[in-house]
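Written out below as structure tokens is the structure these notes cover.
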């Protein structure tokens, strides 16, 4: 579903939302009603939000090349249910504010939500102004076949542009939205958004920059971490065994790369309590298996045990 371009940039969010979208499609889970994306590359955050909206509204196979009407609308920035909310978007006729996202816009959203919709509605909040882009500035949009015909900037929310009076006016809409409605807030840091909004959101740190990390190569081997189960635990173990043969790395090298990856994820998701606890528990398990790896136990047994324990949770 999600394009692999996001896997290296946002590894935890990519895995989390890939799994979640499958569960939503199977009617086993609901999609979150409020999300914060924080990080340095707001354009990539915005594109990630659009991709989530596209997949949730797609009427065909949800691939990047889908030609259904919803995918076409979203990629041309014209879908009636995908709403930008900024200083220059989603403005009522009597709203003359130009420097802030106003409380009047919050009331416009509340009014819009009283109307029924067959779509999964998105309200994407960010700071913006009129802008003409230089060549290649929107290369990430081009890679996913999105229109580059955009005449507005995509900048992070700040305290000055998203003043507390507006978030306060949004609280009821965020707490009790109609079904298939999601609010997404784009910012550099969650501290720039009113705490009462943050407390109602899932927060994901999306750096938008591919870091030179030692564990980059093992991320694809993990398939759908953190949702490792008994079914795929042995497959992941086999992936690691094959990777060791291909790279001539030792078991100790591999386990330490995996440990670094878990520590990285832990730092990115401090506010996601459930995932923080899950990752922290997996770190404890991995540290134990690193000790076992030094006791001349067969590599396969160590890796099988590691991922089975992660699947089991202890």
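Here are a few things to note about the model shown:
Matching residues to (1) over 20 Å from the mean Cα position of the chain (by Cα); (2) within 19 Å of residue 77 (Cβ to Cβ):
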| position | (1), (2) |
| --- | --- |
| 110 | yes, no |
| 122 | no, yes |
| 147 | yes, yes |
| 156 | no, no |
| 165 | yes, no |
| 184 | no, yes |
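- Helices (runs of 4 or more DSSP H) lying entirely in region 1-67 (those with 1 or more residues that are within 13 Å of the chain's Cα centre (by Cα) and closer than 22 Å to residue 119 by Cβ): 11-25, 42-57
- Only a single criterion out of (1) within 20 Å of residue 154 (Cα to Cα); (2) crowded, with 18+ Cβ neighbours inside 10 Å; (3) touching a residue at least 40 places away in the same chain (Cβ under 8 Å); (4) touching a helix residue (DSSP H, G or I) at 6+ places or on another chain (Cβ under 9 Å) is not satisfied by residue 90, namely (3).
- When region 128-143 is limited to residues that are surrounded by 10 or more Cβ atoms within 10 Å (Cβ to Cβ) and touching a strand residue (DSSP E or B) at 6+ places or on another chain (Cβ under 8 Å), the one that is nearest to residue 49 (Cα to Cα) turns out to be 128.
- Some residue of region 110-118 being crowded, with 18+ Cβ neighbours inside 10 Å and outside the structural domain of residue 232 (by TED's automatic domain parsing): no
- Inspection of region 34-57 identifies at least one residue that is without any contact (Cβ under 8 Å) to a residue 60 or more places away in the chain and either under 18 Å from residue 146 (Cα atoms) or surrounded by 20 or more Cβ atoms within 10 Å (Cβ to Cβ) (or both).
- Residue that is surrounded by the most Cβ atoms within 10 Å (Cβ to Cβ) [pool: residues in region 179-191 that are modelled with pLDDT of 90 or more and more than 25 Å from residue 118 (Cα to Cα)]: 186
- Qualifying residue in region 168-178 (condition: within 20 Å of the chain's Cα centre (by Cα) and either farther than 25 Å from residue 14 by Cα or modelled with pLDDT under 95 (or both)): yes
- Within region 12-33, if we keep just the residues that are in contact with a helix residue (DSSP H, G or I) (Cβ under 6 Å, 6 or more places away or on another chain) and farther than 18 Å from residue 144 by Cβ, the residue that is modelled with the lowest pLDDT turns out to be 12.
- Residues of region 68-87 that turn out to be part of a helix (DSSP H, G or I) and surrounded by fewer than 16 Cβ atoms within 10 Å (Cβ to Cβ), as a count: 2
- Only listed residue being under 15 Å from residue 150 (Cβ atoms) and out of contact with any strand residue (DSSP E or B) (no Cβ under 6 Å at 6 or more places or on another chain), chosen from 76, 97: 76
The values are calculated or read from the model by the stated rules, or taken from the named source; none is laboratory data. Every value quoted in this text rests on a predicted model; they were computed, and no experiment measured them. Here the Cβ is made from the backbone with ideal geometry for all residues, glycine too, and neighbour counts use every protein chain on show.
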